[in-house]
Amino acid sequence: MGSSTSKRRPESVLVVDPVSSGALYATLLGEAGIPVILLDTERARVGGLRTEATPGALDFEHDFGGSPDRLRAYCVDNAVGYVVAGSESGVGLCDFLRASLPDCPANDSRDSRRRWDKQSMFAALAADGVPCLQTTAIAAGQIPDIDEAALLVADAPVVVKPSIGAGSVGVRMVAAPCELVDAVRSITTAPGFFGDSPNALVQELYPHPQTEYVVDTFSHDGIHEVLGINRYDKRVSADGDFVYERITWLAADEPPASVLCDYAGAVLDALGVRVGAGHMEVMYNPEVGPRLIDFGARAHGAGQPLKTFRLTGTSHIHRECEYIAHIVAGRPLSDTGGRYTLPQRGGIIFFNLDRPTRCRARPSEARLTALPGVLDVTVNAAAGAEYPATRSLLDSLALGLAFIAADTRQELDDRCRRVRSEFEAAFRGREPHPV
């Protein structure tokens, strides 16, 4: 908890950078009658998470001069009792406010960087004895020479990633010294995703066979709850980039859910997480065990919690809003809201490209939605526009995605293939299959 300097009852909630899934909080909290204050930061704009001001939002740089202390004073004056990180760009500021506002639920205030800087994150896991991937950091502005690079890729391939970022941007798999030098240079000699100067991390590659899972959590009062587990299907592009193709939902009683839940709790403890939604990407096979790939101290992006809610009746955003109503409005907190069931199979397919391609015709959302099992489709591609080969999740989102449900795994696989085929046919100007 932040140190108490006021006895005024908490009345409102601040959402820092309400973009992507962070945009869901205002509606859900508004339905509960809880006042919400929205705050934009320049980091979100620099990172391309928003292109214009959020309607009705305050501006951290313009209204508060970029001063966390001035923003804190405003929050005290407006009886802010809870702070939400609406996007990765807002995690650091959210952490500061939680720790400094009177009676606001907060994370462990020691070394908050471990919740948003991957170098500090993996160091914290190692220090706490949580199994993690071996990681070497190369400072901003530094580039290894070819001999140093040869040592770093001695157990090739390895993964190179920025210490600060989002959306898998800048994450590459490399196998040769020259590839490593190029990957590191692209990170350490250029502004990062949010305009920072990130370090480059060289990390061992999780051994094959490997399956990546995403564990959605909500933490409160020393309790870590799992509100959804997804499995990622991905491939490595010709340039070594990780391209995400699909995510599917895992039932709470389906292996390896119990192993992932236990590991997630250990990770959250090591990172000092005490409150809030979070999601972590974890590699797993039974021989090696789980290993963290990345963690976000905020909700799963791209509106994914709404899809989880549609399949399971809950999500970590819905659970967090229930907890906020408990903190701010004194409403009871459900004993059963911290777990989920999965009565139906579901998946999200991300559209992607193997090479730069012009969109010949914008795929029809109505036509795709009419296909069996399709619950929702978002097409962001525009006819006539040129799109690069997909290199990150953000590149995929620039094209679009589809949310699909089915009764069995096989039926889900078949439906996903059909939707992807229809999208690609329209995108490339070919005649689509009859619906």
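Just so it is clear, none of the values below were taken in a lab; they were calculated from the coordinates. On a predicted model such as this, the values are computed, not experimentally measured, just so you know. A quick note on method: Cβ atoms are made from the backbone with ideal geometry, for glycine too, and the neighbour counts reach across all protein chains shown.
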**Report entry** Extension gain, Ala127 back to Thr189 (0.36 nm per residue minus Cα-Cα distance, nm)
**Finding:** 19.4 nm
Query raised in the report: According to a simple spin-label model (label point 7 Å from Cα along Cα-to-Cβ), what is the distance in nm between Glu11 and Ser258?
Result: 4.9 nm
**Report entry** the chain: most fluctuating residue of Ser334, Ser87, Ser163 per GNM, C-alpha cutoff 10 Å
**Finding:** Ser334
Report summary line: Out of Arg50, Arg110, Arg274, a Gaussian network model of the chain with alpha-carbon springs under 10 Å gives the largest mean-square fluctuation to Arg110
Query raised in the report: What number, rounded to the nearest 500 deg cm²/dmol, is the helix-based mean residue ellipticity at 222 nm of the chain, given -39500 (n - 2.57) per DSSP H run of at least four residues and division by all its residues?
Result: -9000 deg cm²/dmol
Query raised in the report: Given the Cα-Cα distance of Asp111 and Arg70 and 0.36 nm per residue of separation, how much length would full extension add, in nm?
Result: 12.6 nm
Query raised in the report: Does the stretch 321-435 come out rounded, prolate or oblate, given a ≥ b ≥ c as the square roots of the eigenvalues of its C-alpha gyration tensor, rounded meaning a/c under 1.5 and, failing that, prolate meaning a/b above b/c?
Result: prolate
Report task. Rank Asp145, Asp128, Asp376 by mean-square fluctuation in a GNM of the chain with C-alpha springs under 10 angstrom and give only the top-ranked residue. Result -> Asp145
Requested in this report: Report the full-extension gain for the segment Asp145 to Ala382: residue separation times 0.36 nm, less the Cα-Cα distance, to one decimal in nm.
Outcome: 81.1 nm
Query raised in the report: Fewest first, what order do Ser219, Ser237 take by the number of other Cβ atoms within 10 Å?
Result: Ser237, Ser219
Report task. Would you mind computing, in nm to one decimal, how far apart the modelled labels at Glu61 and Arg362 are, each placed 7 Å from Cα along Cα→Cβ? Result -> 3.0 nm
**Report entry** Prolate/oblate/rounded call for the stretch 378-434, Cα gyration tensor, a/c under 1.5 rounded
**Finding:** oblate
